[in-house]
Amino acid sequence: MVTLDEYNELEQIREIRAFQALVERDVEKLRENYYKNNASTRLKISEIEDILKSKGLKADSIKSIIDRWVAKGLIIDYGDGSYRTIYGELIYRLAHIAIKPGPSLPLVFHVGTMSRKLPNFSDPDYCFPDFCKRRSLEVEKLFIKTIGFQATKILFKALRRIKRYKGLSLWQFNCLKKILEDYRSGKLSNKVYVLMAPVSSGKTLVFALASIAFALKSILFGGKRPVAIFVYPRRSLATDQLRRLWELTYRVNEVLFEEGYSDRVMIGIDDGATPRRVKDPTEFRCGCPHGDKNPVIVNDGYVVCRYGEHKEILATKEKVWEKKPHILLTNLWIIHQGLMDYERRELFDNAMFYVFDEIHEYYDDRAAHLAYVVNRIVDARRRNKLQLPAFVASSATIAQDPNKVKRFIENRFQG
């Protein structure tokens with residue numbers, strides 16, 4: 001029995017596959033008659049209909065699908081019974097840029113196309129419980145196996161209060177599954193994970209959920225406090241990510257309080273903009289998770305807004321190193337200094353994994369600095385006979401050779 005939601009999902013998949021086949025045929029025709037721009041180089045309505053039928057779309061819905069694609073600008077109607085996809089049109093226009101009006105030879109004499117399968121980066125393939133039933137049981141089982149039923153219940157209850165997080169895309173689920181399964185089987189140590197996905201595709205959510213899940217498990221069941229260290233190349237990026245992480249941890253802590261737990265999932269930030277201590281109330285660097293536009297104040301190392309004090313955010317260096325957060329946002333320079341300081345080194349010794357966000361920004365001397373700091377992290381662990389942490393590298397622009405990044409970090413383990 002197929003539900004209405006599942007049927008609609010299958011229809012969307014068929015439409016996507018049909019459009020991809022149209023693009024392939026469009027480029028093929030363009031290549032066959034490269035110097036012409038007439039109906040012979042474009043798609044005929046009969047070709048479009050045949051392709052849509054071959055992908056399993058019903059004959060009575062084909063006309064409405066074509067009309068919808070034309071209205072959205074996905075395919076262009078030339079008015080003479082010929083069509084071209086927006087991608088085929090873009091290729092033709094770029095190759096046939098004319099220096100002056102009138103017929104001209106193409107500036108590009110060869111067009112090469114390459115197709116590559118990419119995961120879905122938009123709609124959730126695996127919903128969080130209570131948003132929809134699409135594979136939600138698989139998500140729930142993954143977390144229950146790793147952190148237990150009660151911690152999973154708290155996590156998803158918190159996520160329900162942040163309505164923009166409805167689930168995980170296929171690639172997010174697979175990444176998170178790999179990290180959680182390695183953690184569960186004791187294989188997280190010494191691992192390197194490379195998260196490669198477009199901008200705004202949810203890379204942060206993957207390592208944020210893993211970090212919060214590990215923190216929840218330690219709060220509910222005790223044991224050594226896990227620490228996740230998020231390393232950013234720029235202060236502005238750290239501030240932006242702090243805003244998102246605060247929204248998540250605020251809701252998680254809200255549910256923890258309702259369930260009768262006194263401990264919190266804590267976030268600390270220590271970079272060039274973090275004061276050592278604050279004598280007088282000072283404006284904080286990012287807004288309140290309530291979405292309130294009134295200023296947020298740092299007072300006595302904690303963050304205060306009109307709704308009260310947020311002790312889950314450690315906003316001065318003294319508070320960060322006194323309280324030892326579950327998640328620390330920092331940079332390479334602070335790690336370098338902290339590894340030489342006995343009091344601060346404890347936090348780095350307990351770090352379960354390091355996340356290097358926007359790793360493509362570490363080039364030239366920055367890459368050398370990154371290699372040096374990772375070497376020092378590994379050496380300090382080995383010297384103290386501690387397990388090596390896992391390393392996560394995240395970027396939107398390393399598609400050419402993500403394995404190079406993995407090898408770069410793995411080479412640090414060889415010494």
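Laboratory data are not the source of any read-out in this text; all were calculated from the coordinates shown. This is a predicted model, so every value here is computed, not measured. Note: ideal-geometry Cβ built from the backbone for every residue, glycine included; neighbour counts use all protein chains shown.
Annotation: average projected area of the stretch 197-298 is 8.2 square nanometres, based on the convex hull of Cα atoms across all directions. Let me confirm the definition first: pairs of Lys residues in the stretch 4-95, 8 or more apart or on different chains, C-alpha distance under 20 Å. How many are there? Taking the stretch 4-95 as the scope, the lysine pair count is 12. With one equal scatterer per alpha carbon and no solvent term, the Debye-computed log10 I(q)/I(0) for the stretch 261-325 at 0.17, 0.24, 0.26, 0.29 1/Å reads -0.54, -1.05, -1.19, -1.37. Taken as entire DSSP H runs, the helices of the chain that both span 20 Å or more between Cα atoms along their own long axis and average -1.0 or more on the Kyte-Doolittle scale are 4-32, 59-72, 170-184, 203-221, 235-258, 365-383.
Out of all DSSP beta bridges in the chain, what portion is antiparallel? Express it as a percent rounded to 5. Once the DSSP bridges in the chain are tallied, antiparallel ones form about 40 percent.
Panel order for Ile45, Ile409, by other beta carbons found within 10 Å of each beta carbon, from fewest to most: Ile45, Ile409. Calculated over the chain, the projected area of the Cα convex hull averaged across directions stands at 26.7 nm².
The magnitude of the dipole of the chain, with charges of +1 and -1 set on the Cβ of Lys/Arg and Asp/Glu and taken from the Cα centre, is near 720 debye. With the dipole of the chain worked out from charges on the C-beta (+1 for Lys and Arg, -1 for Asp and Glu) around the Cα centre, which of Ile147, Leu256, Cys305 lies farthest toward the positive end? Positive-most Cα among the choices belongs to Ile147. When the Gaussian network model of the chain links Cα atoms closer than 10 Å, the mean-square fluctuations of Lys44, Lys311, Lys153 top out at Lys44. Among Gly81, Gly167, Gly272, the largest mean-square fluctuation in a Gaussian network model of the chain, built with springs joining Cα atoms closer than 10 Å, belongs to Gly81.
Candidate cross-link partners of Lys404 among the lysines, defined by an alpha-carbon separation under 17 Å and a same-chain spacing of 8 or more, comprise Lys191. With just the Cα atoms defining each centre, how far is the stretch 153-169 from the stretch 290-309? Give it in Å. Spelled out, the Cα-based centre of one part sits 24 Å from the other.
Within the set Lys163/Lys203; Lys217/Lys385; Lys145/Lys323, which residue pairs have Cα atoms separated by over 20 Å? As for pairs spanning more than 20 Å Cα to Cα, those are Lys217/Lys385; Lys145/Lys323. Residues whose amide H lies under 5 Å from that of Tyr193, counting only those 5 or more places away or on a different chain, are Phe391, Val392, Ala393; hydrogens are built 1.01 Å from N in the peptide plane. Ranking Ile62, Gly81, Asn38 by Cα position along the charge dipole of the stretch 4-95, where only Lys, Arg, Asp and Glu carry charges on their C-beta atoms, puts Asn38 farthest toward the positive end. For Lys279, the lysines whose Cα comes closer than 17 Å to its Cα, not counting residues fewer than 8 places off in the same chain, are Lys317, Lys319. Counted residue by residue at 0.36 nm each, then reduced by the alpha carbon distance between them, the extension gain from Lys178 to Ala71 reaches 34.4 nm. GNM on the chain, alpha-carbon springs under 10 angstrom: the most fluctuating residue among Gly268, Gly308, Gly79 is Gly79.
Going from the fewest other Cβ atoms within 10 Å to the most, the residues Glu138, Glu358 appear in the order Glu138, Glu358.
Remark: Val278, Val392 ranked as Val278, Val392, counting other beta-carbon atoms within 10 Å and listing the fewest first. Work out, in µm²/s and without decimals, the Stokes-Einstein translational diffusion coefficient of the stretch 31-86 at 10 °C, 1.306 mPa s, Rh from Kirkwood over C-alpha pairs. Result for D is 133 µm²/s.
Start at zero, step by 5 Å, and the Cα-Cα distances of the stretch 343-397 spread as 5, 17, 25, 24, 16, 10, 3, 0 percent across the bins.
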